[in-house]
Amino acid sequence: MQTQVLGLSVDSVPCLKAWADSLGGITYPLLSDFYPHGKVAEMYGVLRPEGYTERAIFVMDKQGIIRYVDVHDIDKQPDNDELIRVLTEVDPAAAVFARTFLPPAEQAPTEPDADVILYCTPWCPDCPEARRYFKQHDIPYVEIDISRDRAAAARVRGWGDGNETTPTINIRGQIMVTFDQAKVEKALGKR
C-alpha cells in the first residue's frame with residue numbers, strides 16, 4: 001500500500017516533540033503549522049477563529065486530489081474501518097492490507113475469558129495509571145490493544161457511544177469507559 005500518514009498541528013515543534021514523547025513515540029511524521037500560525041489549517045478550512053483547529057482527516061490520492069474529508073469533534077475518535085474503506089477506494093492495494101492485517105468480522109476474536117480486561121492503545125495517557133493500579137493490588141488482567149484488534153475496537157465503540165475511548169475496562173461484565181478507581185474497586189467488590 002502506497003500510503004503516507006502525516007500529522008499536522010498548530011502547536012510548536014517543541015510541543016509536538018513533548019507530546020510524541022509522552023506517547024512513547026509515534027510512527028509517522030508530525031508537522032508544525034505554528035508559524036505563520038495555522039496557515040495550512042486555514043487553507044484547508046479547519047482553523048477556528050480562536051486559533052486552534054478542528055480534528056480532521058484528509059485523504060489525498062497520488063495526484064494530490066482530496067478524496068475524503070472527515071472533520072469531527074476533538075473528543076471523537078475517527079472510524080478506522082471507514083478510513084480503511086476509503087483508502088481501499090483510493091488505492092486498491094489497501095484492500096490487500098485490510099485482508100492481511102485486519103481480522104474479518106466473521107472471524108473476529110471473542111473476548112478473552114478473564115475477570116478483568118483492559119482495552120488500551122499505545123498512546124493512551126490514562127492506561128499506565130490503570131496498569132499500575134492492577135499491578136500494585138495484584139489483580140490479574142488481560143490487556144488488549146484496540147489499535148491492533150479491530151474487533152475489540154468495535155466492542156469499545158459500542159460501549160463508548162461510538163468513541164474508541166481508552167482505557168475501557170470490563171470487570172466481570174461491568175463496563176467502565178475510562179479509569180475510575182472508585183468504580184473499579186466497587187466492581188471488584190473491594191468497597
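Bear in mind these aren't lab numbers, they're just calculated from the coordinates by the rules spelled out. Bear in mind that the values here come from a model prediction, so they are computed numbers and not experimental data. A quick note on method: Cβ atoms are made from the backbone with ideal geometry, for glycine too, and the neighbour counts reach across all protein chains shown.
Can you list the chymotrypsin sites (Phe, Trp or Tyr not before Pro) in the range 140-180 that are in a DSSP coil and have 16 or fewer other beta carbons within 10 angstrom? List each step's numbers first, then the result.
Working: sites: 141, 159, 179; in loops: 141, 179.
For chymotrypsin sites (Phe, Trp or Tyr not before Pro) across the range 140-180 that sit outside H, G, I, E and B with at most 16 neighbouring Cβ atoms in 10 Å, the list is empty.
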Would you please classify the overall shape of the chain from the alpha carbon gyration tensor, given that a ≥ b ≥ c denote the square roots of the eigenvalues, rounded means a/c under 1.5, and beyond that prolate means a/b larger than b/c while oblate covers the rest?
oblate
Beyond 31 Å (Cα-Cα) in this structure, taken from 17/183; 17/190; 17/39; 76/183, we find 17/183; 17/190
Under a cut-off of 16 Å between alpha-carbon atoms, report the aspartates and glutamates in cross-link reach of residue 135, not counting same-chain residues fewer than 8 places apart.
115, 126, 143, 180, 185
Relative contact order for the range 7-58 using alpha-carbon pairs under 8 Å, separation at least 6, rounded to a whole percent?
36
Helix 80-90 versus the longest principal axis of the chain: what is the Cα-based angle in degrees, 0 to 90, to the nearest 10?
30
List the trypsin sites (Lys or Arg not before Pro) within the range 34-72 that DSSP assigns to loop and that have no more than 14 neighbouring Cβ atoms inside 10 Å.
62
Report the Cys residues of the chain lacking a disulfide-compatible partner, meaning no second Cys Cβ under 4.7 Å from their Cβ.
15
Taking a ≥ b ≥ c as the square roots of the eigenvalues of the Cα gyration tensor of the range 4-67, is the shape rounded (a/c under 1.5), prolate (a/b larger than b/c) or oblate?
oblate
Exposed GluC sites (Glu not before Pro) absent: longest stretch of the chain, with sites in DSSP loops and at most 16 other Cβ within 10 Å deemed exposed
55-191
If the chain between residue 5 and residue 68 were fully extended at 0.36 nm per residue, the gain over the current Cα-Cα distance would be 21.3 nm
